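In what follows, a structure is listed as structure tokens, so that the remarks can point back to it.
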Amino acid sequence: LQTMSLRAVTRARAIRLLVATGGGYVGYWQYGKYKEQKQEHQEIEILRPPNIANPWQVGLYKSIPTRLLSRAWGRLNQVELPTWMRKPVYNLYIWTFGVNMKEAAVEDLQHYRNLSEFFRRKLKPQARPVCGSHCVISPSDGKILHFGRVKNCEVEQVKGVTYSLETFLGPQTWCENLEISNSKTETFQDQLVTKEGNDLYHCVIYLAPGDYHCFHSPTDWRVSHRRHFPGSLMSVNPGVARWIKELFCHNERVVLAGEWIHGFFSLTAVGATNVGSIRIYFDSDLHTNSPRYMKGSYNDFSFVTNNNKEGITMRKGEHLGEFNLG
Amino acid sequence: STIVLIFEAPKDFTFNLNSGQKIRFGEALGSM
């Protein structure tokens, strides 16, 4: 009996061992297969051309009165909320867009009279330390949509979807203030590069609704020119940026151009449906999302005057401007 | 809303970023 039970125990152990090793092997094999499939899927995603909107689809979207809607939205959000309504309204916004109120300079929700004020809330000074070891910092909170070198006068808003550098910045009639060459044989991109051995780079940062919506100087530079392009106010969320080619050239935007230690430098704030207004703190003449401006035109302002030959000097991290609702 | 930076820099300029990453104001974008 004793011999039989010993045999049975040994057999049971062997079966368990077999099941465990076999199961492990099958699991490992399945995992390998899953990894392979995932890699294949990613490669297909990379190779697949982006699904770009047809011209009629863009036309249809552009025909929606987004500027009017944006201004109406802005007006609505300027209405002072009764004190009892503030907490539930802002809490809904905080919950929907994942706002971190612990970083806000004023955490008390009752303090903000309306959603517009809440939207342009400031941060605690210690909430965002400015990196001292790198020459270019992020001017805002957000998501990096794309970055890299500018090639063939085309900039990418997301991977594979481009827009024209010249349409985006406009003609170089403002370059008399900068040391930019104006040779007719050079491309628009070459004309912006002022120093030999330099290249042109770009970086796109998308600000989600819950993000801190003020922006700061990304480096030490001198702003010599502002160009305001009144335009459409289509959504700029990454899905739409993947769908509409030249989206940033259609939308209302403010280009600040100037110089930094290595040559040309520009920062452009691009508006969107809900966030149609752009404010630049040192530019009181700037009025965005206003019915008096026609789409397709642009308004220039030079900061280089007889009294101020240098333009506006900005230090890295200094407050530069903000986006506003409507 | 979106911020677009376009600037001239030496050829050895490199971005310390990944596409799709979250970034906060003040964090490094790139350097030489």
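The values are calculated or read from the model by the stated rules, or taken from the named source; none is laboratory data. From a predicted model like this one, the values you see are computed outputs, not experimental measurements. When we count neighbours, we look across all protein chains shown, and the Cβ atoms used for this are built from the backbone with ideal geometry, even at glycine.
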Which one of the conditions (1) touching a strand residue (DSSP E or B) at 6+ places or on another chain (Cβ under 9 Å); (2) over 24 Å from residue A:290 (Cβ atoms); (3) surrounded by fewer than 22 Cβ atoms within 10 Å (Cβ to Cβ) does residue A:239 fail to meet, given that it meets all the rest? (1)
Could you list, in sequence order, all residues of the range B:1-15 that are more than 7 Å from chain A (Cβ to nearest Cβ) and under 12 Å from the mean Cα position of the chain (by Cα)? B:14
Could you tell me whether the range A:60-83 includes any residue that is away from chain B (no Cβ under 14 Å) and of a type in the set (Asp, Glu)? yes
So is residue A:261 more than 22 Å from the chain's Cα centre (by Cα), surrounded by 15 or more Cβ atoms within 10 Å (Cβ to Cβ) and of a type in the set (Val, Ile, Thr) or not? no
Can you pull out every residue in the range A:64-95 that is β-branched (Val, Ile, Thr) and either in contact with a helix residue (DSSP H, G or I) (Cβ under 9 Å, 6 or more places away or on another chain) or in contact (Cβ under 8 Å) with a residue 24 or more places away in the chain (or both)? A:66, A:79, A:83, A:89, A:94
Residue set A:296, A:263, A:271, A:276; condition within 12 Å of chain B (Cβ to nearest Cβ) and on the phi > 0 side of the Ramachandran plot; output residue A:263
Within the range A:103-115, is there a residue that is in contact with a Lys or Arg (Cβ under 7 Å, 6 or more places away or on another chain), in a helix (DSSP H, G or I) and more than 11 Å from chain B (Cβ to nearest Cβ)? yes
Which listed residue is within 7 Å of chain B (Cβ to nearest Cβ) and either under 24 Å from residue A:187 (Cβ atoms) or not in a helix (DSSP H, G or I) (or both), from A:204, A:223: A:204
Go through A:303, A:264 for me and flag whichever is touching a helix residue (DSSP H, G or I) at 6+ places or on another chain (Cβ under 7 Å) and in contact (Cβ under 8 Å) with a residue 40 or more places away in the chain. A:264
Out of everything in the range A:134-149 that is more than 15 Å from residue A:269 (Cβ to Cβ) and part of a strand (DSSP E or B), what residue ends up being farthest from the other protein chains (Cβ to nearest Cβ)? A:149
Quick check on the range B:16-32: of everything there that is among the small types (Gly, Ala, Ser) and not in a strand (DSSP E or B), which residue is nearest to the other protein chains (Cβ to nearest Cβ)? B:26
What are the residues in the range A:280-293 that are in a strand (DSSP E or B) and within 12 Å of another protein chain (Cβ to nearest Cβ), if any? none
Restricting the range A:281-295 to residues that are loosely packed, with under 15 Cβ neighbours inside 10 Å and touching a Pro at 6+ places or on another chain (Cβ under 8 Å), the one modelled with the lowest pLDDT turns out to be A:295
Could you grab me the full set of residues in the range A:121-131 that are assigned to a loop (DSSP other than H, G, I, E, B) and within 12 Å of another protein chain (Cβ to nearest Cβ)? A:122, A:128, A:129, A:130, A:131
Out of the residues in the range A:150-165 that are under 22 Å from residue A:262 (Cβ atoms) and either facing chain B (nearest Cβ under 8 Å) or modelled with pLDDT of 90 or more (or both), state the one that is surrounded by the most Cβ atoms within 10 Å (Cβ to Cβ). A:155
